[in-house]
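Peer 1: If you scroll down you'll find the structure; I have some questions about it.
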Ligand code: DOR
Ligand code: ZN
């Protein structure tokens, strides 16, 4: 759906994140002075709506190439546009794995062909994400790849992590770690290790399987001087480790997902595999620590970990079903509900965590920019008062594993503009 609406736009009466009221004009993909907008510009009355920079997701699973039955670049980025996103970083757990320069180029090309937002390939850290041998990091970096991850699997070998951090340093690359000690939480682990996992008879996934890996990694980041990002934090201990590392001045950043900010372990009591996710949903003390970490900046970004799965991969006993849940369409609503409406984060803070910081960590210079004359026109118009009950059937995604189905949430996105093109209009 790349049919560009390159027509000029004037959006009247918006409020910016800092409270200022203004009119916006867009021509040739950039914000321009309203006086300079062409006479035939399309006019949109946005009285009372909030204008935010387009959101940027550092953690998206698009499933193409390989599992187009679950998601394609077209469907996944349409979901992104509906969620207010203008750029997504595509995780490399595809078939084939994005572990070569050619594979990365192919994902970027699919984005240019079918994308309703910018698609930025993430390169694998190791060949086939097997954890044994470094992938073509230099060749991928030479092509502009800056984020590297074996997500879905942990880079568990300390020497491989050391080498990846060292090797990527001159390229300004970042290692985005899926922190899961495979000995403490093996492939079968699927439920927060607790009274609930015991009662349900589900293999436990203890919090230390995450936090001990992050503790090791931040010390390797300090030792090598490499840049490290901890994906989808789920535990209070992990937040403490990141806080400690930042206080020491180590170059680390961290992420939390919308689902780990909102949903707790009891959701798995029905054995509904929609709620199976890796790392697993945790208890309220952990959720509270994650919210606090996001508010005080210990956690830099909200990454969706949008993980579409086909029905036949979810329709299994809980311990066998694939882990993952959708996130792109509801992320902004969840963060509003949990962080903004509760007064923990203001709009400027939300813009930082969902647009500027992810763009900065991914070294995507032209995204996550302020709304100002001369800047690229990436924009989301938000109605902060609108709410709706989530219906998994009404989704741009090809998959239906939506953990918010039936829940009332803010439903704020009215219009998304990517590089001057309207990619979503309610
Ligand atoms: O729940 C998850 N699903 N966690 C991951 O790390 C990978 C993802 C997927 O690719 O399905
Ligand atoms: Zn992961």
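Peer 1: Can we say residue 294 is touching a strand residue (DSSP E or B) at 6+ places or on another chain (Cβ under 8 Å), within 16 Å of ligand 2 (Cβ to nearest atom), part of a helix (DSSP H, G or I) and without any contact (Cβ under 8 Å) to a residue 60 or more places away in the chain? Lay out the reasoning, then the answer.
Peer 2: Numbers: touching a strand residue (DSSP E or B) at 6+ places or on another chain (Cβ under 8 Å): yes; within 16 Å of ligand 2 (Cβ to nearest atom): no; part of a helix (DSSP H, G or I): yes; without any contact (Cβ under 8 Å) to a residue 60 or more places away in the chain: yes.
So residue 294 does not fit the description; no.
Peer 1: Also: Consider residue 94 against the criteria (1) farther than 16 Å from residue 397 by Cβ; (2) in contact (Cβ under 8 Å) with a residue 24 or more places away in the chain; (3) touching a strand residue (DSSP E or B) at 6+ places or on another chain (Cβ under 8 Å): it satisfies all of them except one. Which criterion is unmet?
Peer 2: Of the numbered conditions (1) farther than 16 Å from residue 397 by Cβ; (2) in contact (Cβ under 8 Å) with a residue 24 or more places away in the chain; (3) touching a strand residue (DSSP E or B) at 6+ places or on another chain (Cβ under 8 Å), the odd one out for residue 94 is (3).
Peer 1: Output the residues belonging to the stretch 164-178 that are in contact with a strand residue (DSSP E or B) (Cβ under 6 Å, 6 or more places away or on another chain) and either without any contact (Cβ under 8 Å) to a residue 60 or more places away in the chain or surrounded by fewer than 18 Cβ atoms within 10 Å (Cβ to Cβ) (or both).
Peer 2: Hits for the stretch 164-178 are 173, 175, 177.
Peer 1: Go through the residues of the stretch 285-303 one by one and say whether even a single one is surrounded by 24 or more Cβ atoms within 10 Å (Cβ to Cβ), at pLDDT 95 or above and within 15 Å of ligand 1 (Cβ to nearest atom).
Peer 2: Yes, some residue in the stretch 285-303 is surrounded by 24 or more Cβ atoms within 10 Å (Cβ to Cβ), at pLDDT 95 or above and within 15 Å of ligand 1 (Cβ to nearest atom).
Peer 1: May I ask you to verify whether residue 249 is more than 16 Å from ligand 1 (Cβ to nearest atom) and touching a residue at least 60 places away in the same chain (Cβ under 8 Å)?
Peer 2: Values: more than 16 Å from ligand 1 (Cβ to nearest atom): yes; touching a residue at least 60 places away in the same chain (Cβ under 8 Å): no.
Criteria not met by residue 249.
Conditions tested, residue by residue: (1) touching a helix residue (DSSP H, G or I) at 6+ places or on another chain (Cβ under 9 Å); (2) modelled with pLDDT under 95; (3) not in a helix (DSSP H, G or I).
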residue: 319; (1), (2), (3): no, no, yes
residue: 356; (1), (2), (3): no, no, no
residue: 366; (1), (2), (3): yes, no, yes
residue: 371; (1), (2), (3): no, no, yes
residue: 381; (1), (2), (3): no, no, yes
residue: 396; (1), (2), (3): yes, no, yes
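Peer 1: Could you please find all residues in the stretch 140-174 being within 16 Å of ligand 1 (Cβ to nearest atom) and farther than 21 Å from residue 95 by Cα? Steps first, please.
Peer 2: Applying the first criterion (within 16 Å of ligand 1 (Cβ to nearest atom)) to the stretch 140-174 yields 147-156.
If the condition is that a residue be within 16 Å of ligand 1 (Cβ to nearest atom) and farther than 21 Å from residue 95 by Cα, then 156 is the only one that fits.
Peer 1: Okay, moving on. Starting from residues that are within 14 Å of ligand 1 (Cβ to nearest atom) and in contact (Cβ under 8 Å) with a residue 60 or more places away in the chain, keep the ones in the stretch 50-66 and report whichever is surrounded by the most Cβ atoms within 10 Å (Cβ to Cβ).
Peer 2: For the stretch 50-66, the residue satisfying everything is 58.
Peer 1: Here is a further query. Going through 69, 47 one at a time, which residue ends up being part of a loop (DSSP other than H, G, I, E, B), surrounded by fewer than 23 Cβ atoms within 10 Å (Cβ to Cβ) and touching a strand residue (DSSP E or B) at 6+ places or on another chain (Cβ under 6 Å)?
Peer 2: Details: 69 fails: touching a strand residue (DSSP E or B) at 6+ places or on another chain (Cβ under 6 Å).
Going through 69, 47 in turn, the sole match is 47.
Peer 1: What pairs can you find where one residue is in the stretch 393-409 and at positive phi and surrounded by fewer than 17 Cβ atoms within 10 Å (Cβ to Cβ), the other is assigned to a loop (DSSP other than H, G, I, E, B) and modelled with pLDDT of 95 or more, and their Cβ atoms are less than 9 Å apart, with a gap of 6+ or different chains?
Peer 2: That search, which allows pairs on different chains as well, returns 406/390; 406/391; 406/392.
Peer 1: Taking the options 198, 186, name whichever one is more than 30 Å from residue 143 (Cβ to Cβ), out of contact with any helix residue (DSSP H, G or I) (no Cβ under 6 Å at 6 or more places or on another chain) and not in a loop (DSSP other than H, G, I, E, B).
Peer 2: Details: 186 fails: not in a loop (DSSP other than H, G, I, E, B).
When all the criteria are applied, what remains is 198.
Peer 1: Then there is this: Pairs, please: C-beta under 6 Å, at least 6 apart or cross-chain, first residue in a loop (DSSP other than H, G, I, E, B) and in the stretch 217-246, second at pLDDT below 95 and surrounded by 23 or more Cβ atoms within 10 Å (Cβ to Cβ)?
Peer 2: none
Peer 1: Residues in the stretch 115-151 that are within 16 Å of ligand 2 (Cβ to nearest atom) and either closer than 10 Å to residue 104 by Cβ or crowded, with 20+ Cβ neighbours inside 10 Å (or both): how many?
Peer 2: 11
The values are calculated or read from the model by the stated rules, or taken from the named source; none is laboratory data. Keep in mind it's a predicted model, so treat the numbers as computed, not measured. Ideal geometry is used to build each Cβ from the backbone, glycine not excepted, and the neighbour counts take in all protein chains shown.
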